Amino acid sequence: MSQKTLFIDYSKCIGCETCEYICRFVHDTPRIHMVRTTSGMMAPLYCRHCEDPKCAKACTKGALVRDKDGALILQTMLCRGCTTRNCLLACPYAALLETDKGVMIAKCDLCAKRRHLGMLPACVEMCPCGAIHYIDREELGELETAEAKKAHDLLRKHISNP
């Protein structure tokens, strides 16, 4: 089964926050989060829908499962009431977000409802720089240019989530 994921080319991202705002518009709670590093770099943190997801392994409720496209989906009814937040700590990309809503965790589902209608994730369609791609995991290598890798490595230096 192919696995879909997002790829953000940080060398193309201008930090405009369009992805976060459109995600908030579509889902009420954004599932992609812009951060500013100590060096001033603006970059979105987002779920990579990892091949071997540490968040799913850490979830004691089994609330993180794959859908038909391979997207890692949060089953909110199973997540409800969990107080461990193990998934937050386990994610190496800081991509699960704590909320003050009924379900305490928000996570990208690659716009599952939009995909069901044959549409792309909203952030992909709205990114003014073409920095966000919705791809099969096998395509990652094709998009990781030297510039993209350099920008990603620069961001990773600022994210320290063991």
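The values are calculated or read from the model by the stated rules, or taken from the named source; none is laboratory data. Please read all numbers here as calculations on a predicted model, not as lab measurements. Cβ placement follows ideal geometry from the backbone for every residue including glycine, while neighbour counts extend to all protein chains displayed. Quick note on the areas: whole protein, heavy atoms, side chains included, nothing else; ligands and nucleic acids left out. Shrake-Rupley method; radii C 1.70, N 1.55, O 1.52, S 1.80 Å.
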Exclusive hit being closer than 27 Å to Thr37 by Cα, among the hydroxyl-bearing types (Ser, Thr, Tyr) and either within 17 Å of the chain's Cα centre (by Cα) or surrounded by fewer than 16 Cβ atoms within 10 Å (Cβ to Cβ) (or both), set Thr83, Thr99: Thr99
Every pair of residues 6+ apart whose Cβ atoms lie under 9 Å, when the first sits in the stretch 110-138 and is farther than 16 Å from Pro44 by Cα while the second is assigned to a strand (DSSP E or B) and open to solvent by less than 40 Å² (accessible area, probe 1.4 Å): Ala112/Ile73; Ile135/Thr5; Ile135/Leu6; Ile135/Phe7; Asp136/Thr5; Arg137/Thr5
Test: residue in the stretch 139-156 that is touching a Cys at 6+ places or on another chain (Cβ under 8 Å) and not in a helix (DSSP H, G or I): no
Boolean, Asp69 is outside any helix (DSSP H, G or I), open to solvent by less than 40 Å² (accessible area, probe 1.4 Å) and acidic (Asp, Glu): yes
Pair list, Cβ < 6 Å and 6+ apart or interchain, from the stretch 21-32 residues that are in a helix (DSSP H, G or I) to residues that are β-branched (Val, Ile, Thr): Cys23/Ile32
Residue among Lys57, Lys12, Lys61 that alone is of a type in the set (Lys, Arg), in a helix (DSSP H, G or I) and touching a helix residue (DSSP H, G or I) at 6+ places or on another chain (Cβ under 8 Å): Lys57
First in the stretch 80-99 and within 19 Å of Leu155 (Cα to Cα), second anywhere and hydroxyl-bearing (Ser, Thr, Tyr) and buried (at least 18 other Cβ atoms within 10 Å of the Cβ), Cβ under 6 Å, 6 or more apart: Ala95/Tyr46
